[in-house]
Amino acid sequence: MQYRQLGRSGLQASVVGLGTWQWCGVWGEPMAQKQATALMDRARELGVNLVDTAECYGDHVSESLLGKALAGQRQDWLVATKFGHVPGSESPEADWQPESVRRQLAASLKALDTDYIDIYQFHSGGDEQLDNEALWEMLHRQREAGVIRCLGVSIGNPGNVRQVLRAAELGADVIQVTWNCLQRKAGEAVLPACREHELGVINRTPLASGFLGGRYAPGARWPENDVRSMRRPEKIDEELDKARTIIGESVPEGQSPAAWALAWCLKNPAITSVIPGSRTLEQLEDSVRAVELLEG
Ligand SMILES: NC(=O)c1ccc[n+]([C@@H]2O[C@H](COP(=O)([O-])OP(=O)(O)OC[C@H]3O[C@@H](n4cnc5c(N)ncnc54)[C@H](OP(=O)(O)O)[C@@H]3O)[C@@H](O)[C@H]2O)c1
């Protein structure tokens with residue numbers, strides 16, 4: 001494994017981390033505790049130390065699975081979670097008011113079975129919600145109290161450089177953004193601004209939702225309980241066709257397309273860590289092989 005400093009936070013994050021959106025039941029069936037624990041144990045053995053989750057991956061479903069998997073190994077991990085949505089029975093309701101976020105923080109701590117969060121991220125809200133100074137005052141008080149180690153902004157739109165500049169002004173150290181060789185928007189302004197302001201970058205969707213994993217060809221479709229089923233079929237086929245071309249032209253014979261695609265992201269000097277949603281031990285081990293492709 002290799003480690004990079006997460007902006008000015010002082011935290012050292014593994015270049016390959018782990019995303020947990022896949023665990024909560026909107027990418028097929030929810031993950032069983034045994035599988036989540038096995039993934040975390042193996043990830044730790046491989047040197048992975050960054051795990052990303054969120055309040056609204058189910059009603060704290062991913063956080064709770066993660067909390068149990070962290071038993072006895074909490075200190076080995078940088079746990080990144082998010083705020084801004086109150087999970088409900090139907091769908092999460094956005095709420096960015098300081099008092100609500102303080103309650104959301106308490107709920108995340110309980111689900112994660114921990115007394116601190118390493119990276120607490122604004123979860124893809126609008127500019128108006130981000131600009132709420134009272135919210136950031138409350139978050140900084142929690143940081144001073146040791147409940148939060150550093151603050152981040154997960155930007156919804158990879159072209160939203162304004163949120164990067166505001167994040168730096170508001171005292172956040174980390175940006176989370178979509179970046180992969182199919183979706184390169186962040187490379188135009190967001191990633192250069194992160195470098196300029198010394199913000200760490202957590203790279204989400206590094207496999208373009210699995211489209212760069214080499215498993216799917218145009219015509220692939222997913223069952224209703226998989227978020228990918230909500231996309232327009234023409235758009236799916238167009239993206240899969242592009243992915244096939246990139247893989248065909250760039251990935252050397254015998255090499256893993258996923259490892260290649262993750263290394264592609266990590267070769268941009270703005271990126272601190274990629275967080276692929278590896279769902280199986282095989283995918284996890286394959287994703288970690290990206291590190292071998294960074295050498296030389
Ligand atoms: N707003 C936000 O803050 C936000 C939004 C999105 C995601 N995220 C975070 O980012 C994480 C990752 O992003 P993502 O979920 O959008 O997508 P992603 O990581 O680009 O793709 C995930 C999919 O890639 C496939 N995969 C994983 N490892 C593989 C491997 N080694 N070889 C082949 N295929 C592999 C799996 O597909 P199959 O299921 O087909 O096996 C998996 O479901 C999430 O888990 C979440 O923590 C945050």
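If Lys and Arg each add +1 and Asp and Glu each add -1, what is the summed charge of the other residues whose beta carbon sits under 11 Å from the beta carbon of P276? Net of charged neighbours comes to 0.
Over all pairs of different C-alpha atoms in the range 1-150, the reciprocal of the mean inverse distance, the Kirkwood hydrodynamic radius, equals 15.8 Å. Between the range 99-147 and the range 14-93, the alpha-carbon centres lie 17 Å apart.
Bridgeable aspartates and glutamates around K242 (alpha carbons under 15 Å apart, same-chain partners fewer than 8 residues away excluded): E234.
Summarising the amide proton neighbourhood of T53: residues at separation of 5 or more, or on other chains, whose placed amide H is nearer than 5 Å comprise A80, T81. Only helical runs count toward this figure. For the chain, summing -39,500 (n - 2.57) over DSSP H runs of n ≥ 4 and dividing by all residues gives -10500 deg cm²/dmol at 222 nm. Taking K and R as +1 and D and E as -1, what net charge do the other residues with C-beta under 15 Å from the C-beta of T245 add up to? With Lys, Arg at +1 and Asp, Glu at -1, the net is -2. Note on the range 199-296: dipole from Cβ charges, positive end direction compared against S229, S209, P269; the farthest Cα belongs to S229.
Annotation: the antiparallel percentage among DSSP beta bridges lying fully within the range 3-294 is about 20. Taking Lys and Arg as +1 and Asp and Glu as -1, the other residues whose beta-carbon sits under 12 Å from that of F211 total +2.
Annotation: amide H of I148 within the under-5 Å range of I117, R143, sequence separation 5 or more or interchain, hydrogens built in the peptide plane. Normalised by residue count, the chain yields a Cα convex hull volume of 126 Å³ per residue.
The label-point distance for A106 and A134, in a model that sets each label 7 Å from Cα toward Cβ, rounds to 1.8 nm.
The slack between E144 and R162, meaning 0.36 nm per residue of separation minus the straight C-alpha distance, is 3.9 nm. Summary of packing: across the peptides 58-69, 210-221, the per-residue average of other C-beta atoms within 10 Å ranks them, highest first, as 58-69, 210-221. In a DSSP loop and with at most 16 other Cβ atoms within 10 Å, the chymotrypsin sites (Phe, Trp or Tyr not before Pro) in the range 87-192 are Y116. Protection proxy ranking for 276-283, 234-241, using the average of other Cβ atoms within 10 Å per residue and placing the highest first: 276-283, 234-241.
Centre-to-centre separation between the Cα atoms of the range 186-215 and those of the range 216-263: 17 Å. Set against the 2.2 N^0.38 Å expectation for a compact globular protein, the range 80-227 has a Cα radius of gyration ratio of 1.13.
Only the coordinates and a few stated rules stand behind these numbers; no lab work does. From a predicted model like this one, the values you see are computed outputs, not experimental measurements. Counting neighbours? That spans all protein chains shown, and the Cβs are built from the backbone with ideal geometry, glycine included.
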